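Enquirer: This structure is in structure tokens; I'll ask about it shortly.
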Amino acid sequence: MTLLPSLDIAATRLPGYGDARLRDSYGRAITDLRVSITDRCNFRCVYCRTGNEGAQYAELSHADYLRMIRLFVSLGVEKIRLTGGEPLLRQGAVELVREIAQLRTVFTETPEPLDIALTTNGHLLAGLAQPLRDAGLTRVTVSMDAVDAETFTAITRVPRSFDRVLAGIRAAGAAGLGPVKVNCVLLRGFNDSQIEAFAEFSRREGVIVRFIEWMPLEETPAAGSGRSWSREAVVSLDEIVARLDAYQPEGLGISGLVELPANAASETARRYTFADGRGEIGIIAPVSRPFCGHCSRVRLTSDGKIRTCLFSQMDHDLAGRMVRGASDAALSEYIRHVVEKKEARHHIGEPGFEKPSRSMVHIGG
Ligand code: SAM
């Protein structure tokens, strides 16, 4: 099968990019805000260091997050993703979703509700899926790096968690938050044997499985796996596609992946299904196929700092300005100023690459 042509990896700086909508200096409209509402986590995934050090950064009040979100929305953000740490550990997450659901888009023809998504490890999802849906959550992504309980425990280092996560995924689907996306980071020699089993899982459970290339976000080797990040340890898009293309799903009788069109230009995943259209596999390939040229994202850390790229070397202290009494106008000006300087692209795999100044759990995945 043939792959789509490679997306451009970097943006080109534009001379006149100024309009009212939030844009960076490369003309990329910033429509997607990821907000970490805690950097605490109840899993200790081997490659994420989560739980090894515990929380490092402060959490803000919901009112503070809401004020910052409202400012971003007034500048053109249309999609909010709550993340962490583990966002469902944060008391009042449902109420926060309810408040965000009151906001409306500003740069559409008519004001529309926001797209409100959540990235979670799923451990607490079973009991919260319906309340979250009722509060206005539109989508949920569950991180799950194995479809068998033993490998899952070896990665998360939390016993008996697999069944809870599975129950969470099913509850989310039943609550109307489907199709649920299930994100899996593959580490060579650790869980890459699960690729075909994940395809079956997608077909059986009616979820979208998305494989994410492992990114160099940590200083130390992935605990327990004995591996540091290296290009060789990354299970690349090409490899995943080749494996699944050769795979014959149970009961189907033929092998072969079918490529699906992208949902939007800024979509990070290449999408595939099988000959009968059952199951959907996405592959997010920040290492082998960077998609920075289409990036529409910025992040807010749990302590209220703006990060313009996952791989940024510095944060920008929005919350600090709020605490010191800055007006909404001054904060909006600051956001524009910071976003204008958004990096063109990341430099994974290039000489001189520097790891980001925070690890994923402290940035907000
Ligand atoms: N606790 C929530 C969860 O598990 O989804 C949200 C935070 S978690 C840091 C978000 C995502 O980041 C998870 O899917 C995790 O697998 C992913 N992640 C962490 N470190 C990563 C890395 N080095 N490369 C790629 N993805 C990573």
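Enquirer: Quick one: dipole size for the stretch 111-202, taken about the Cα centre, charges +1 on Lys/Arg Cβ and -1 on Asp/Glu Cβ, in debye to the nearest 20.
Expert: My answer is approximately 240 debye.
Enquirer: Shifting gears a bit: Can you tell me the orientation of helix 328-340 relative to the chain, as the angle in degrees between its alpha-carbon axis and the longest Cα principal axis, to the nearest 10?
Expert: So the helix axis and the longest Cα principal axis differ by about 50 degrees.
Enquirer: Charges at C-beta only: +1 for Lys and Arg, -1 for Asp and Glu. How large is the resulting dipole of the stretch 239-365 about its Cα centre, in Debye rounded to 20?
Expert: For the stretch 239-365, the charge dipole is close to 400 debye.
Enquirer: Quote the FRET efficiency, to the nearest 0.05, computed for Met314 versus Ala167 with a Förster distance R0 of 41 Å and r equal to the Cβ-Cβ distance.
Expert: Between Met314 and Ala167 the formula returns 0.55.
Enquirer: If you rank Glu150, Glu213 by fewest surrounding Cβ atoms within 10 Å, what's the result?
Expert: Least crowded to most crowded, the residues run Glu150, Glu213.
Enquirer: Follow-up. Going by Cα centres, the stretch 121-173 and the stretch 340-354 are how many Å apart?
Expert: If we compute the Cα centre of each part, the gap is 33 Å.
Enquirer: If you don't mind, there's one more thing I want to ask. In nm, to one decimal, how far is the Leu260 label point from the Glu333 one, both placed 7 Å along Cα→Cβ?
Expert: It is 4.6 nm.
Enquirer: Right, next: If contacts are Cα pairs under 8 angstrom and at least 6 residues apart, what is the relative contact order of the chain in percent?
Expert: 22
Enquirer: Let me ask something else about it. How much length is gained on full extension from Ser61 to Ala174, taking 0.36 nm per residue of separation minus their Cα-Cα distance?
Expert: 37.6 nm
Enquirer: Using r as the Cβ-Cβ distance of Val106 and Asn42, and R0 as 25 Å, what FRET efficiency do you calculate, to the nearest 0.05?
Expert: Rounded to the nearest 0.05, the efficiency is 0.10.
Enquirer: For Tyr272, Tyr334, Tyr47, what's the fewest-to-most ordering of other Cβ within 10 Å of each Cβ?
Expert: Tyr334, Tyr272, Tyr47
Enquirer: Something else now. Just how large is the dipole of the chain about the Cα centre, in debye to the nearest 20, putting +1 at every Lys and Arg Cβ and -1 at every Asp and Glu Cβ?
Expert: It comes to approximately 600 debye.
Enquirer: Connecting C-alpha atoms closer than 10 Å in a GNM of the chain, tell me which of Pro249, Pro216, Pro87 has the biggest fluctuation.
Expert: Taking springs between Cα atoms under 10 Å, the residue moving most is Pro249.
Enquirer: Another question about this same structure. So for His337, His346, His294, fewest C-beta neighbours within 10 Å to most, what's the order?
Expert: His337, His294, His346
Enquirer: A follow-up question, please. Output the 0 to 90 degree angle, nearest 10, between the alpha-carbon long axis of helix 195-205 and the longest principal axis computed from the alpha carbons of the chain.
Expert: For 195-205 against the chain, the angle is about 80 degrees.
Enquirer: In degrees between 0 and 90, to the nearest 10, how far off the longest principal axis of the chain does helix 162-174 point, with axes built from Cα atoms?
Expert: That works out to roughly 70 degrees.
Enquirer: Which distance in nm do the two modelled labels at Ser230 and Arg160 give, with both placed 7 Å along the Cα-to-Cβ direction?
Expert: Between Ser230 and Arg160, the label points sit 3.9 nm apart.
Taken together, the values in this text are just the output of simple stated rules run on the coordinates, not laboratory data. Just so it is clear, the structure is predicted and the values come from calculations on it, not from any experiment. Heads up, the Cβs are rebuilt from the backbone with ideal geometry, glycines too, and the neighbour counts pull from every protein chain shown.
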